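A.B. asks: Below is a structure I'd like to ask you about.
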Amino acid sequence: MTASRKTSLTAGILYLLTFISIPTLSLYHEIHQPAFISSSAPTSDVVIGGMLELLMALFCIGTAIVLYPVLKKQNESLALGFVAARVLEAALIFAGVAALLTVLQLRILGAEALVMSRGLVMLYDRLFLISQSFIPAVNGLLLGTLLYQSRLVPRILPIIGIIGAFTLTAGDVAVLFGLMDQRAPLAGVSAIPIALWEFSLGVYLVVKGFKH
């Protein structure tokens, strides 16, 4: 196996592993309920969800580190920007998980911690909007541009990523201006192209590798 094939295979596997956090959509359901702090809902779901998110954050950094030697040959500035964005994404994910784990600790205070706990959950939601929505759009634009120019993968893949960057950003702006709820179905629809891009890229890199 050539060095290029090892790189593409590793990057593809890491991209697919970033989808490990999908179960948090259901695992975090209870903690988003207004009365969670004083309820008897189990904490294990939140802990498991947090662990999945932390792993996902590390996989995100891994994708950038593995791809950097290849991408810098195309445009070192954009490649560095991609690494920086991935690291920032991971850091904000860690902060969001810390906020939710703090809510679990506040349960010992009972109802008197209700306001603070709700504030931390809201903080998590805003961190999520930045770390797992806006920054992935930036990543899609940076990596999509690099791969489109280099022709290392079929051009349709980076085109999907670039389109996804704009649709995801549009959804984020709509949420910030209160035009739709962050967990509304339409918000999920705006994320489909970027998710398709990342999943398709992961599969292609695992199965085919870079074009030469």
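The values are calculated or read from the model by the stated rules, or taken from the named source; none is laboratory data. Quick caveat: nothing in here was measured; it's all calculated off a predicted structure. Methodologically, a virtual Cβ is constructed for each residue, glycine included, from the backbone with ideal geometry; neighbour enumeration extends over all protein chains shown. What goes into the accessible areas is simple: the full protein's heavy atoms, side chains included, and nothing from ligands, DNA or RNA. Shrake-Rupley method; radii C 1.70, N 1.55, O 1.52, S 1.80 Å.
A.B. asks: So is P154 closer than 30 Å to Q74 by Cβ, open to solvent by 30 Å² or more (accessible area, probe 1.4 Å) and at pLDDT 95 or above or not? Walk me through how you get there before you give the answer.
C.D. replies: Working: closer than 30 Å to Q74 by Cβ: yes; open to solvent by 30 Å² or more (accessible area, probe 1.4 Å): yes; at pLDDT 95 or above: yes.
Yes, satisfied.
A.B. asks: Is it the case that segment 60-79 has a residue that's closer than 26 Å to F210 by Cβ, free of Cβ contacts under 8 Å to residues at least 12 places away in the same chain and not charged (D, E, K, R)?
C.D. replies: For segment 60-79, residues closer than 26 Å to F210 by Cβ, free of Cβ contacts under 8 Å to residues at least 12 places away in the same chain and not charged (D, E, K, R): present.
A.B. asks: Please go through segment 135-168 and give me each residue that is closer than 19 Å to L92 by Cβ and touching a Ser or Thr at 6+ places or on another chain (Cβ under 7 Å), ordered by number. Don't jump to the end; show me each part of the working.
C.D. replies: So the first thing to find is which residues in segment 135-168 are closer than 19 Å to L92 by Cβ, and the list is 135-143, 165, 168.
Once the filter is applied, which keeps residues that are closer than 19 Å to L92 by Cβ and touching a Ser or Thr at 6+ places or on another chain (Cβ under 7 Å), segment 135-168 yields A137, L168.
A.B. asks: Still on this structure: Please tell me if L106 is assigned to a helix (DSSP H, G or I), at pLDDT below 95 and open to solvent by less than 40 Å² (accessible area, probe 1.4 Å). Write out each step before concluding.
C.D. replies: Values: assigned to a helix (DSSP H, G or I): yes; at pLDDT below 95: yes; open to solvent by less than 40 Å² (accessible area, probe 1.4 Å): yes.
When the stated conditions are applied, L106 passes them.
A.B. asks: Can you pull out the residues in segment 1-29 that are farther than 24 Å from V66 by Cβ and surrounded by fewer than 16 Cβ atoms within 10 Å (Cβ to Cβ)?
C.D. replies: P23, L25, S26, H29
A.B. asks: Can you tell me which residues in segment 184-208 are more than 15 Å from the chain's Cα centre (by Cα) and either among the basic types (K, R) or open to solvent by 40 Å² or more (accessible area, probe 1.4 Å) (or both)?
C.D. replies: Once the filter is applied, which keeps residues that are more than 15 Å from the chain's Cα centre (by Cα) and either among the basic types (K, R) or open to solvent by 40 Å² or more (accessible area, probe 1.4 Å) (or both), segment 184-208 yields P185, L186, V189, V203, Y204, V206, V207, K208.
A.B. asks: Which condition does S39 not pass, out of (1) modelled with pLDDT under 95; (2) in contact with a helix residue (DSSP H, G or I) (Cβ under 7 Å, 6 or more places away or on another chain); (3) open to solvent by less than 60 Å² (accessible area, probe 1.4 Å), if it passes all the others?
C.D. replies: Here S39 meets the rest and fails (2).
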